[in-house]
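The values are calculated or read from the model by the stated rules, or taken from the named source; none is laboratory data. If you're wondering where the values come from, they're calculated on a predicted model, not measured in any experiment. Backbone-built Cβ (ideal geometry, glycine too); neighbour counts: all protein chains shown. Calculation scope for accessible area: heavy atoms of the full protein, side chains included, ligands and nucleic acids excluded. Shrake-Rupley method; radii C 1.70, N 1.55, O 1.52, S 1.80 Å.
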Amino acid sequence: MEELRAKYLQQISEAADEIALEELRVRALGKKGEVTQQMRQLGAMSPDERRSFGPALNKLKDELATALAAKKIALSDAALDARLKGEWLDVTLPSRARRIGTVHPVSQVTEEVTAIFAEMGFTVEQGPRIETEWYNFDALNIPDHHPARAEMDTFYLCRENDDQPLRVLRTHTSPVQIRAMEKIGAPLRIICPGGVYRADYDHTHTPMFHQVEGLALDTDISMANLKWVLIEFTKAFFEVESVDLRFRASHFPFTEPSAEVDIRCSWDDGKLKLGEGDDWLEILGCGMVHPKVIAAGGIDPEVYQGFAFGVGIDRIAMLKYGMPDLRAFFEGDVRWLRHFGFAPLDVPTIHGGLSR
Ligand code: PHE
């Protein structure tokens, strides 16, 4: 009995799979199994023999049955583990490739412009879209009753009483010039991209649009630096070797002298094309910062001078990507966004390519 017990316990512990285990069970405890055979012989024994063999045999039978059951569970657990390992599947993966939306051309172009100016050492500043009259007008040398205030088609915010400062939706990004001077002092080299507002509406004007302001102040800055920066910027932005720009003498209260810059283009068949044709599209205003503006920013205009510019982001986006109507930019038509939008993970850089 002891031999049977040792043999079967050993074989059970070594059984490789459930089939081998079942064979063992049949061989030990099946109808013709070795232990069963022993049980049968009990009948031929004397009562005394039976009394000592019977319980011992029963105990052996129970012991083997328990060992078989335990091994069976262990084997099926191991089999399940192996199957789970083999059938591994990432259920979080999407079953179908899915578009997660596109980057709006205004965001794309803002990134492109930022990448170009970053390369020239300009950092990015921001200012609020709701501005006080002081920042939007007065500090920029546009006093009360100056015609420029009316020209800008300003949206004014309601006031509860006359003691509150008058607030406007900023009509340009130029107020950030003042905020940047207050925050950084001189010398300084910043750009500020952002939304601006004017009551105006046609295919190149929307009541909300975007500009990028630029401001550089130092002790030795001239109009020549301004021109170079703008020409380099325009070539980099449009990704061309040369551009046809027209610096037109103009007037802004906050710069002296001032210029507006137009770029040569054509409007054939409602398609806007760059660098050819007899049309000019105004893309920016610029000039040497007026001494009064530098003083309003808390900087000594006897020591520092500089240039400023304001580029229409939407305008240059239309030109670069051939979008004829600015109004479509802000209508939120998903078909337009799919068509003109950009892949979400392509961040524009000078070296990696602006608009791949
Ligand atoms: N703020 C001007 C505009 O909105 C543009 C500009 C900016 C002109 C800076 C000169 C210098 O039209």
**Prompt:** farther than 30 Å from Ala186 by Cα and open to solvent by less than 10 Å² (accessible area, probe 1.4 Å): does that describe Cys286?
**Reply:** no
Note on region 80-121: residues assigned to a loop (DSSP other than H, G, I, E, B) and surrounded by 10 or more Cβ atoms within 10 Å (Cβ to Cβ) are Gly101, Thr102, His104, Met120
**Message:** When you scan region 193-215, do you find a residue that is of a type in the set (S, T, N, Q), assigned to a helix (DSSP H, G or I) and either out of contact with any Gly (no Cβ under 9 Å at 6 or more places or on another chain) or closer than 19 Å to Ile283 by Cα (or both), even just one?
**Reply:** no
From the option list Gly195, Gly185, single residue qualifying as farther than 14 Å from Val289 by Cβ and within 16 Å of the ligand (Cβ to nearest atom) is Gly195
Residue hits (region 161-177; open to solvent by 10 Å² or more (accessible area, probe 1.4 Å), within 16 Å of the ligand (Cβ to nearest atom) and in contact with a helix residue (DSSP H, G or I) (Cβ under 8 Å, 6 or more places away or on another chain)) are none
From the option list Ala180, Ala249, single residue qualifying as within 13 Å of the ligand (Cβ to nearest atom), exposed (fewer than 13 other Cβ atoms within 10 Å of the Cβ), at pLDDT 95 or above and within 30 Å of Pro301 (Cα to Cα) is Ala249
Counted residues in region 252-270 being more than 10 Å from the ligand (Cβ to nearest atom), at pLDDT 95 or above and of a type in the set (Phe, Trp, Tyr) come to 0
Phe307 fails exactly one of (1) loosely packed, with under 14 Cβ neighbours inside 10 Å; (2) at pLDDT 90 or above, namely (1)
| request: Taking Arg327 as the residue in question, decide whether it is farther than 29 Å from Thr102 by Cβ and more than 16 Å from the ligand (Cβ to nearest atom). | output: no
Checked pairs for region 296-314, first more than 11 Å from Leu284 (Cα to Cα), second of a type in the set (A, V, I, L, M, F, W, C) and within 8 Å of the ligand (Cβ to nearest atom), C-beta under 6 Å and 6 or more apart or across chains, list as Gly306/Val289
Go through the residues of region 316-328 one by one and say whether even a single one is closer than 27 Å to Gln108 by Cα, open to solvent by 40 Å² or more (accessible area, probe 1.4 Å), of a type in the set (Gly, Ala, Ser) and touching a strand residue (DSSP E or B) at 6+ places or on another chain (Cβ under 9 Å). no
Please determine whether any residue of region 127-137 is within 24 Å of Gly298 (Cα to Cα), basic (Lys, Arg) and part of a loop (DSSP other than H, G, I, E, B).
yes
Subset of region 198-219, residues within 12 Å of the ligand (Cβ to nearest atom) and either open to solvent by less than 30 Å² (accessible area, probe 1.4 Å) or in contact with a Lys or Arg (Cβ under 7 Å, 6 or more places away or on another chain) (or both), comes to His210, Gln211, Val212, Glu213, Gly214, Leu215, Ala216
*Regarding Glu276, is this residue more than 16 Å from the ligand (Cβ to nearest atom), more than 15 Å from Leu140 (Cβ to Cβ) and more than 36 Å from the chain's Cα centre (by Cα)?*
no
Apart from one, (1) out of contact with any His (no Cβ under 8 Å at 6 or more places or on another chain); (2) farther than 24 Å from Pro301 by Cβ; (3) modelled with pLDDT of 95 or more; (4) in a helix (DSSP H, G or I) all hold for Ala150; the odd one out is (3)
For helices (runs of 4 or more DSSP H) lying entirely in region 1-78, having 1 or more residues that are of a type in the set (S, T, N, Q) picks out 2-14, 34-41
Only one of Glu111, Glu131 is of a type in the set (Asp, Glu) and within 14 Å of the ligand (Cβ to nearest atom), namely Glu131
Going through region 14-42 in order, the residues found to be more than 17 Å from Ala79 (Cβ to Cβ), surrounded by fewer than 16 Cβ atoms within 10 Å (Cβ to Cβ) and small (Gly, Ala, Ser) are Gly30
Exactly one of Asp153, Asp77 is surrounded by fewer than 17 Cβ atoms within 10 Å (Cβ to Cβ) and farther than 30 Å from Ser250 by Cβ, and that one is Asp77
